[in-house]
Amino acid sequence: MSDLNSKIPTGDLRQKWDHYKEHVKLVNPANKRKVEVIVIGTGLAGASAAASLAELGYKVKAFCFQDSPRRAHSIAAQGGINAAKNYKNDGDSVYRLFYDTIKGGDFRAREANVYRLADVSRNIIDQCVAQGVPFAREYGGLLANRSFGGAQLSRTFYARGQTGQQLLLGAYGALERQIGLGNVQMYSRHEMVELVTIEGKARGIIARNLITGELEKYFGHAVLMCSGGYGNVFYLSTNAMGSNVTAAWKAHKKGAYFGNPCYTQIHPTCIPVTGDYQSKLTLMSESLRNDGRVWVPKTKEDSEAIRKGTKKAEDIKEDDRDYYLERKYPSYGNLCPRDIASRAAKEVCDEGRGIVASGFGVFLDFSDAIKRLGVDEVKARYGELLPMYQNITNEDPLKTPMKIYPAVHYTMGGLWVDYELMTTVQGLYALGEANFSDHGANRLGASALMQGLADGYFVVPYTVGNYLADEIFVKPIPTDHPAFVEAENAVKERSEKLMNIKGKRTVDDFHKHLGKIMWEYCGMARTAEGLTTARKLIQDLRKEFWSDVKIPGGLNEFNPEFDKAGRVADFIELGELMVVDALHRNESCGGHFRVEYQDKGEAKRDDENYRYAAAWEFKGVEADPVLHKEQLIYENIELQVRSYK
């Protein structure tokens with residue numbers, strides 16, 4: 001075990017980033033044209049980074065496994081993007097956004113990174129407005145704001161219920177411009193399946209052409225991982241079904257430490273599970289909790305009657321309703337942070353007061369908002385979210401309350417990075433949800449879009465130059481170099497091993513099995529006993545997978561089942577690491593809730609022993625990972641028990 005160097009600049013917190021930019025190494029325009037950068041993933045972080053670096057003059061190669069960057073999961077973000085603009089004049093500031101983010105993450109994030117994020121958030125809005133992103137506006141034409149969880153003011157900019165999609169279209173437009181100019185080579189339907197390192201530095205990738213099945217080799221002076229999160233390790237999540245950990249996991253196995261893998265965000269506002277046949281879950285934006293009120297009946301009898309269909313929500317009198325978030329957290333009410341709202345929903349359902357057939361569901365009610373604002377205003381605020389819910393459930397949320405329940409949504413863990421967003425592999429960077437850096441143990445709503453665009457537009461264009469300034473004399477390395485050949489052969493060997501198993505169980509069957517283990521033992525509530533059991537179950541599942549998985553088709557052809565098998569194999573290995581991380585952290589913080597460590601149902605941190613980021617080093621599939629610690633030092637805020645009451 002060793003301590004990690006996060007390369008945080010010295011000096012006052014407010015000046016660190018400006019000081020860094022003023023003293024960072026530069027690459028002159030003529031040399032930039034000689035430098036090649038690989039970008040893995042073209043969602044918000046990847047598209048913005050690729051476009052920005054190409055605009056600076058670098059030669060960029062961008063890869064995505066979708067047929068277009070517009071298909072990235074970033075489009076699924078609905079509610080908004082935070083920025084400390086203080087347009088409402090309600091007391092917001094860079095410091096308040098910084099503090100709310102640190103507190104929201106239960107004091108488990110790095111101060112310097114979070115302050116930089118809050119600082120550059122203001123630039124993001126200006127950038128996106130200039131690109132033509134159609135943010136909502138007040139009647140007079142000024143940009144509108146609404147509230148999100150964990151804040152007592154309005155700082156969230158939004159485009160009705162499709163903010164992520166509109167922001168991605170802005171980044172996509174910038175990316176397409178650079179593709180048209182010849183500064184970016186775009187490789188769609190390509191999946192990174194191995195990282196190539198030479199003398200300890202990232203020098204390229206092996207990619208699988210998902211149309212032909214062929215393996216292709218690509219060189220880069222630096223590699224940027226912008227491949228998103230790993231929530232699909234749970235099988236059922238709000239993530240797109242293609243979202244996976246494979247690119248990040250290959251980097252991890254080549255030396256990039258994995259930070260805080262057990263920090264998983266459970267979103268409280270999702271459509272409940274309705275049966276074993278489901279393959280994904282649907283998010284209903286946190287923005288709905290601006291006007292919607294969360295409640296369940298006060299009595300088990302009324303809840304049971306609703307589950308059986310003998311009563312409806314409208315039959316429950318106001319005095320017989322428990323608006324439990326407003327009761328428990330009066331200062332924030334329905335807009336308390338996601339981890340807290342999710343655990344509160346689980347608590348009332350565990351008491352027998354759930355309102356769907358499975359028992360795992362609560363109401364989100366707009367009746368008060370409709371009385372106050374009118375139906376037309378509620379429709380205007382939330383756009384297609386309300387019709388989307390009706391299309392899925394066949395219930396009109398303007399006439400009867402929505403039914404919601406927590407589901408896996410986001411992962412705060414990811415590849416460990418320093419202040420420059422570089423991993424423990426030289427020349428390998430991780431941006432957006434692929435890294436661990438900004439959200440601690442719980443992400444506040446509307447901060448994912450903020451981080452992805454901050455990293456891509458405003459951070460990595462400076463930090464990658466600091467590294468590449470020393471790489472300008474490195475000529476492009478031919479892809480017949482022994483390191484490329486070795487990496488390609490390793491991929492071929494693993495692929496052939498998978499195809500030759502010829503077992504009986506489908507890939508989806510294994511994935512679903514893994515998801516049930518993860519949700520049961522490493523979901524909203526965790527115990528040492530359960531996590532110990534989970535590790536053994538996952539180890540057994542891994543052995544069974546490699547002896548009994550069934551993959552139809554062949555290798556050198558279009559074969560989605562083979563692609564999926566590789567991703568599930570990586571998920572199984574990741575799942576074990578998540579369990580190891582959760583088992584070692586004997587405290588509760590944010591999305592990591594250990595039942596043994598609580599105070600009247602609230603998370604109980606142990607700052608004396610666990611005030612650090614855990615970064616795990618891969619030592620082999622059968623070997624225990626090695627823990628490295630980055631001590632979290634708070635010089636500008638006071639550690640306290642996180643309270644939203």
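The values are calculated or read from the model by the stated rules, or taken from the named source; none is laboratory data. Worth saying up front: this structure is predicted, and the values here are computed from it rather than measured. Every residue, glycine among them, receives a Cβ derived from its backbone with ideal geometry; neighbour counts consider all protein chains shown. With ligands, DNA and RNA removed, areas are computed over all heavy atoms of the protein, side chains included. Shrake-Rupley method; radii C 1.70, N 1.55, O 1.52, S 1.80 Å.
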*asked:* I need the peptides 621-627, 211-217, 263-269, 398-404 ranked by packing, meaning the mean over residues of other C-beta atoms within 10 angstrom, with the highest value on top.
replied: 263-269, 398-404, 211-217, 621-627
*Treat each spin label as a single point 7 Å out from the Cα along the C-beta direction, and report the ASN28 to THR506 distance in nm.*
6.1
*Label-point gap, in nm, between ASP18 and ASP276 - each point 7 angstrom along Cα→Cβ*: 6.2
*Extension gain from TYR462 to LYS475, taking 0.36 nm per residue of separation minus the Cα-Cα distance*: 2.5 nm
_Where only alpha carbons of segment 88-188 are counted, the Rg and the Dmax (Å)_ = 16.3, 46
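For segment 223-368, what does the relative contact order come out to in percent, with C-alpha contacts under 8 Å and a separation of six or more?
In percent, rounded to a whole number, it is 24.
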*Apply 1/(1 + (r/R0)^6) to the Cβ-Cβ distance of HIS584 and VAL375, taking R0 = 41 Å, and write down the FRET efficiency to the nearest 0.05.*
0.20
*Taking the convex hull of the Cα atoms, report for segment 155-293 its projected area averaged over all directions, in nm².*
12.3
*To one decimal place, what orientation-averaged projected area in nm² is obtained for the convex hull of the Cα set of segment 482-545?*
6.0
*State the dimensionless ratio Rg/Rh of the chain (Rg: radius of gyration of Cα atoms; Rh: Kirkwood radius).*
0.95
*Under a point spin-label approximation (7 Å from Cα along Cα-to-Cβ), what is the THR212-GLU395 distance to one decimal in nm?*
5.1
_At 1.002 mPa s and 20 °C, Stokes D of segment 265-398 from Kirkwood alpha-carbon radius, µm² per second_ = 139
_Accessible surface of segment 503-645, 1.4 Å probe, proportion on carbon and sulfur as whole %_ = 48
*Please quote Rg/Rh for segment 565-645 to two decimal places, taking the Kirkwood radius as Rh and restricting both calculations to Cα atoms.*
1.05
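Can you give the FRET efficiency for TRP546 and LYS604, using 1/(1 + (r/R0)^6), R0 = 35 Å, r = Cβ-Cβ distance, to the nearest 0.05? Could you put the intermediate results ahead of the total?
On the way: r = 39 Å, r/R0 = 1.12.
The calculated FRET efficiency here is 0.35.
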*Starting from 0 in steps of 10 Å, tell me what percent of the Cα-Cα pairs of segment 338-439 lands in each bin.*
13, 27, 25, 20, 13, 2
*asked:* Could you work out what % of the accessible surface of segment 5-109 is carbon and sulfur, using a 1.4 angstrom probe and leaving DNA, RNA and ligands out of the count?
replied: 48
*Sum of -39500 (n - 2.57) over DSSP H runs of 4+, divided by residues of the chain (222 nm, nearest 500)*: -11000 deg cm²/dmol
_Residue-normalised accessible area of the chain, expressed per residue, 1.4 Å probe, Å²_ = 38
*For segment 135-198, what's the relative contact order in percent, using C-alpha pairs closer than 8 Å and at least 6 residues apart?*
19
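Given the peptides 533-545, 585-597, 189-201, arrange them by the average over their residues of other C-beta atoms within 10 Å, most packed first. Could the numbers behind the result be given before it?
Values: 533-545: 17.6, 585-597: 22.2, 189-201: 20.0.
With the highest mean Cβ count within 10 Å placed first, the list reads 585-597, 189-201, 533-545.
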*Part-to-part distance (alpha-carbon centres) for segment 151-185 and segment 93-142, which is given in Å*: 15
*How long are the semi-axes of the ellipsoid equivalent to segment 1-140, from square roots of 5 times the Cα gyration tensor eigenvalues, in whole Å, largest first?*
27, 24, 17
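Subtract the Cα-Cα distance of LYS497 and ASN89 from 0.36 nm times their separation in residues, and report this length gain in nm to one decimal.
Fully extending the segment from LYS497 to ASN89 adds 140.8 nm.
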*Tell me, what is the percent relative contact order of the chain, built from C-alpha pairs under 8 Å that lie six or more residues apart?*
21
*Take the Cβ-Cβ distance between ASP624 and TYR323 as r, set R0 to 45 Å, and report the resulting FRET efficiency rounded to the nearest 0.05.*
0.45
*So how do 490-501, 116-127 stack up, highest first, on mean other-Cβ count within 10 Å?*
116-127, 490-501
